[in-house]
Structures are given as C-alpha cells and as structure tokens.
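Here the structure comes first, spelled out in structure tokens, and everything after it is commentary.
The values are calculated or read from the model by the stated rules, or taken from the named source; none is laboratory data. If you're wondering where the values come from, they're calculated on a predicted model, not measured in any experiment. Because the Cβ atoms are built from the backbone with ideal geometry, glycine has one as well, and the counts that use them run over all protein chains shown.
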Amino acid sequence: MRHTRSEGILSAVFPARIEVIEALREAALGGESGTTRLRKAAKGMQSAAFAYGDAPNGAIYSGIAELAACVGFLVEWRSGILNAVPDAQRFNSAARERAAIWSKDRSADAMIGQLLKVAEMIGGITAISEVAKVAAALAAVPVPVGFYSEHKDKPRRIRRDDGETPPARVELTVAFLKFTIDGTPLAETHFVSPGETHDLDIEVRVSRWPAGATALILEPATTEHAGAYRMPVFSLEAPTGSPPFQLRQQGRASIVVPHHFNARPYEFKYLARFEPMGSEQPVETVGQRTLLLEGIDLARQPLTGYRHVDQKLVELRNDLRTSSRMVQQELTDALALAVPLASMAAQSVQDNMFKAAIAEDEFQERVRQFLRSHPNVGSALEEHPHAARGITDLSLHSIRLELKSERTSRLLLADCERFVPQAASYAVGSGKRLAVLCVLDCSPKTQPPFPVEDGIGVFVHRSSETPIYVLAILVQGNLARPSDFSR
C-alpha cells in the first residue's frame, strides 16, 4: 500500500486549478464580471505554483497564472470598448506586453508549448471578439495536477537549551527605496527630455537572498508602445555578507517619441524576480516602483515660447489631472484658454503690452482679440454667455473665463483669491468643475515685476463636498522702466 509523503500538495493546488478554469470559462462566455474573479484566480494559481517548489509543474502553473492575468486585462479591454470607457486600449497593450515578457526565452516542451501558443494569440489580438477564443484556449490546456513538490530536506526547528524555538525564516521581500534620474531623486511626475539618454539609478533593499539564486532581475512593465521608449532591465548579482542587503545599480533610459501636451505621462512599473526561474518565487515587492515620465518636447514644440512658463503649465496640468472628480475634456478645454493667456502674461512682462491703467471692458476686448488669433480657440470663443443668473465674460466649450482689471493696488497671485467665488459659481452654473480666471494688474508700479510663472496657479473653491477648481493667470501691466530703480 502506497503512503502519501508529507510533501503531498493535491488538496492545496487542485482548488486553484479548478477556480482558474471556471473563471476562464466565464470570460469565454462573455461575462463582464469575470475580471475580478480572474485576478483572484491568477493569484491563487501563482500561490499553487510556489507550492511546487522546483518541480516542473511549478513553471507550468506559474505560466497559467500569468496568462490568466493577461486574459483578465483583455476582459477589461472588452468591457471598456463596449461601454465607451476612455483609454480602454491600455488594457489590451498591457496584456500583450506581459504575455510577450512571459514567453521570452521559454523552452517549448509539450506543456509549455501549448501555453506559448496562447501567449501568441494574446500578442496578436486585434478585436474584442477574439477575447473569448483566447480565454477558452487557455482553459482547455490539459495540465496535470501533480501530487508532490520537488523533495527537499526540510530544516528542523530545534528547540534551544532554554526551551525557545528559533525564529521563523524571514519573508522574501524586495523594497524599492529610490530612483534617481541624472542624479536627481525622481519626482512624482518627472520631466525627461525626449531624444536624450538619461542615467537612471535604482536602489533596493532585499530582506534575504534565496538559496540557489544567482541574480535579482528588475524589469519594467508598461502599456506603452515598445518603440516609444528605452528603459533598462537591472540585473543585480548575489551579494556577500549578512542580510538584509542594500543594492544599487545604474542604467540608461530615454524617451524616443515625445507625447502631446494633453496626453498622459509615460508610466512604467518595475517588477522583481530571481534567476534562475527555479529560485524561490514569488517575490513580495514594497515601496514606490512606478515611474511617471513626462515626455513633452518643450524645445521643439513649445506651448507659449517661454520655457519656465511652459514647465509651470505642465505641472499644473499634472496636478489637475489627478484631482478629485476632474473630467479630462474640461481640463483640455481649460488649458486651451490658459496656454494663450499665460503667453500673454509673459509677453506683457517682456514688452509691457498694457502700458496704462485700463477698464475691465477694454481688457476684455483685447483678450478676446488675442484669443481669437489662436487656432485652438478661434471661432469657438463665445462672449457674454449666461450662467448661474449672471453674464460671463468669455467662454470656450462652456468653460467660463472670468476677467478682472485692478487699477489701484499691486497684486500677487494670492490676492486673486477674492475673485475665485464668482468664477466658481459660473462653473457650477454651467455644469462644470473647472473655470479660468485672468486678472490684469495695471496699477502703477514702484517695484520690478516678479517671474511670470509665479502668477499662474490653481485655487480650490469648496462650498460642498465637490471641489471647484479655478485656474488663475495674473497679468502684470503698467510696468515701470528698469532704469527707474537705479535712482
């Protein structure tokens, strides 16, 4: 009579295998609710793969888990397309990129070969009608359950003389400590000049080094097009000494294709794994490992012609993009107004466009003429539309532009806050969450002008739980001559 060894793991892995099959079949039948189930099933399958240790089934189960996660992305892509969700294509790109990363350098034995065919199907998918075929193909891969993991001598936990049990083995964790680009710590969204090579340094802390592992691989995962960037894959060799280990390495990164001002920053997430593949997996990763790289080419395609002003507009765009309840189209329309107004503010300081104190109606006339000369505004600019029982000054696609002229007192950006409630009420009355405010300070000047970018900012108006954002531009006019300050 055969006795089951202590390494028998049938009861642990069989439910995970059944759950991933059922989740894939649900996805094949067109169920939109299968994304969450697939994600959980893939994680369960990855845990089952870990239970196999060095046994061949470990690699097979790990492959099924990764491809099931890719199918989950495809299901989300299908749902996004059918429900007109913005930027749903990123889920398709993520699935194809992850499948390509997994299939790289795989040996095509009988079982892995079938998984490679599924990965190839994922890489070539172009229509949502193909998602069901991919899910069904992965569910149909015949994988033996496997009763045993690779036998290893288990270390015995021996009680010490004092009767205490030695502490359990430390969890395997890779903590991402720091990224730097060209020696500068990575900002939340970091500006990278397209077409140039930059130093990308990484620093991680490893809780312990797995037995038999020769290298720690840190590689980027992204939904971006492969030809648009070059990001390094870090390979950290096994260290000497006692854990934990703090490791550093330098690589080269570049953004090949710049993106449009209204496009999202390039996004990369670094993943960690040990080589060879039979080493202890999976690896728990902690810390900030997502890189947001701004790839706008402000030198070749400037926004206003004033570099510091352009950088300030990019910063404000990034802040507003992640703000609570922000609608992307509203932000796009508001920036279409803000960019030429910021250009006017810069020109005013350079050439003293407003040489004397003027009334608000004259300021509005000059702003209207200036905005209509910009092709992104042109005929779409409206004058005096009604909103919230009031008459607004100018408007672009229902984004209200409130204009003010101050003829007596010198203003700083903070002083413009008193005009924010009016601009915010026009936004609410128009069903928007964003408005633009442009204030002309044409008071007599006894001090030099301050940098233009210091007069551009965002105010948040709160009269309820929903914030209303007002993008403000302060124009400095009626400037004194620089020679006046030398007397």
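Does Ala414 satisfy being at pLDDT below 95 and within 22 Å of Val339 (Cβ to Cβ)? Break it down stepwise before answering.
Numbers: at pLDDT below 95: yes; within 22 Å of Val339 (Cβ to Cβ): no.
No.
Among the residues of region 420-463, the ones that are free of Cβ contacts under 8 Å to residues at least 40 places away in the same chain and assigned to a helix (DSSP H, G or I) come to 3 in all.
Here is a yes/no grid of residues against (1) within 30 Å of Met45 (Cβ to Cβ); (2) among the aromatic types (Phe, Trp, Tyr); (3) in contact with a Pro (Cβ under 8 Å, 6 or more places away or on another chain):
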{"site": "Pro258", "(1), (2), (3)": "no, no, yes"}
{"site": "Glu280", "(1), (2), (3)": "yes, no, yes"}
{"site": "Ala299", "(1), (2), (3)": "no, no, no"}
{"site": "Lys312", "(1), (2), (3)": "no, no, no"}
{"site": "Thr332", "(1), (2), (3)": "no, no, no"}
{"site": "Pro340", "(1), (2), (3)": "no, no, no"}
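When region 364-373 is filtered for residues that are of a type outside the set (Val, Ile, Thr) and within 40 Å of the chain's Cα centre (by Cα), the ones remaining, listed by number, are Gln364, Arg366, Arg368, Gln369, Phe370, Leu371, Arg372, Ser373. Residues of region 173-191 that are crowded, with 16+ Cβ neighbours inside 10 Å, of a type outside the set (Ser, Thr, Tyr) and under 15 Å from the mean Cα position of the chain (by Cα): Leu186, His190, Phe191.
Residue count for region 399-419, restricted to those that are in contact (Cβ under 8 Å) with a residue 12 or more places away in the chain, of a type in the set (Gly, Ala, Ser) and either not in a loop (DSSP other than H, G, I, E, B) or not assigned by TED's automatic domain parsing to the domain that holds Arg366 (or both): 1. Across region 336-353, a minimum of one residue is classified as of a type outside the set (S, T, N, Q) and assigned to a loop (DSSP other than H, G, I, E, B). If the condition is being more than 30 Å from Gln328 (Cβ to Cβ) and surrounded by 13 or more Cβ atoms within 10 Å (Cβ to Cβ), then region 245-268 contributes Phe245, Leu247, Arg248, Gln249, Gly251. Counting residues in region 276-285 that are touching an Asp or Glu at 6+ places or on another chain (Cβ under 9 Å), surrounded by fewer than 18 Cβ atoms within 10 Å (Cβ to Cβ) and of a type in the set (Asp, Glu) gives one or more. Within region 393-428, the set of residues being surrounded by fewer than 22 Cβ atoms within 10 Å (Cβ to Cβ), of a type in the set (Gly, Ala, Ser) and out of contact with any Phe, Trp or Tyr (no Cβ under 7 Å at 6 or more places or on another chain) comprises Ser398, Ser409, Ala414, Ser425.
Matching residues to (1) over 18 Å from Leu437 (Cα atoms); (2) surrounded by 17 or more Cβ atoms within 10 Å (Cβ to Cβ):
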{"site": "Leu291", "(1), (2)": "yes, yes"}
{"site": "Ala299", "(1), (2)": "yes, no"}
{"site": "Leu303", "(1), (2)": "yes, yes"}
{"site": "Tyr306", "(1), (2)": "yes, yes"}
{"site": "Val309", "(1), (2)": "no, yes"}
{"site": "Arg325", "(1), (2)": "yes, no"}
{"site": "Val377", "(1), (2)": "no, yes"}
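Scan region 125-140 and give yes if some residue there is within 28 Å of the chain's Cα centre (by Cα), modelled with pLDDT of 85 or more, in a loop (DSSP other than H, G, I, E, B) and surrounded by 12 or more Cβ atoms within 10 Å (Cβ to Cβ), otherwise no. Checking region 125-140: at least one residue is within 28 Å of the chain's Cα centre (by Cα), modelled with pLDDT of 85 or more, in a loop (DSSP other than H, G, I, E, B) and surrounded by 12 or more Cβ atoms within 10 Å (Cβ to Cβ).
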